[in-house]
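The values are calculated or read from the model by the stated rules, or taken from the named source; none is laboratory data. Since we're looking at a predicted model, the values are computed, not measured. With ideal geometry, Cβ positions are generated from the backbone for all residues, glycine too; neighbour counts draw on all protein chains shown.
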Amino acid sequence: MELVEAFKYLGAGLAVIGVIGAGLGIGNIFAAFITAVGRNPAAKNEVFTMTMLGFALVEAIALFALVIALVILFS
């Protein structure tokens, strides 16, 4: 195996580390949602909308990290 190919695998592995942060972010978002609804159930609809927006943004970061890893791996 060439040295360049080995570094491609290393770079792709390092790029996927961003998915760990996204997983932690999603967990924090839904933990905050559960806490907010537990404290004020009447505000569930307003809080749910912002929760889904936050979830989508954090999930986009995970997808970007995955795409970067695949670009590094297959280029």
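Observations on the structure shown:
- The residue list ALA60, ALA43, ALA32 contains one member that is assigned to a helix (DSSP H, G or I), of a type outside the set (Phe, Trp, Tyr), surrounded by fewer than 16 Cβ atoms within 10 Å (Cβ to Cβ) and modelled with pLDDT of 95 or more, which is ALA32.
- Residue check, ALA22 surrounded by 15 or more Cβ atoms within 10 Å (Cβ to Cβ), modelled with pLDDT under 95, aliphatic (A, V, I, L, M) and touching a Gly at 6+ places or on another chain (Cβ under 8 Å): no
- The range 1-19, subset within 13 Å of the chain's Cα centre (by Cα) and of a type in the set (Val, Ile, Thr), residue surrounded by the fewest Cβ atoms within 10 Å (Cβ to Cβ): ILE17
- Enumeration of residues in the range 14-44 that are among the β-branched types (Val, Ile, Thr) and more than 25 Å from ALA62 (Cα to Cα): VAL37
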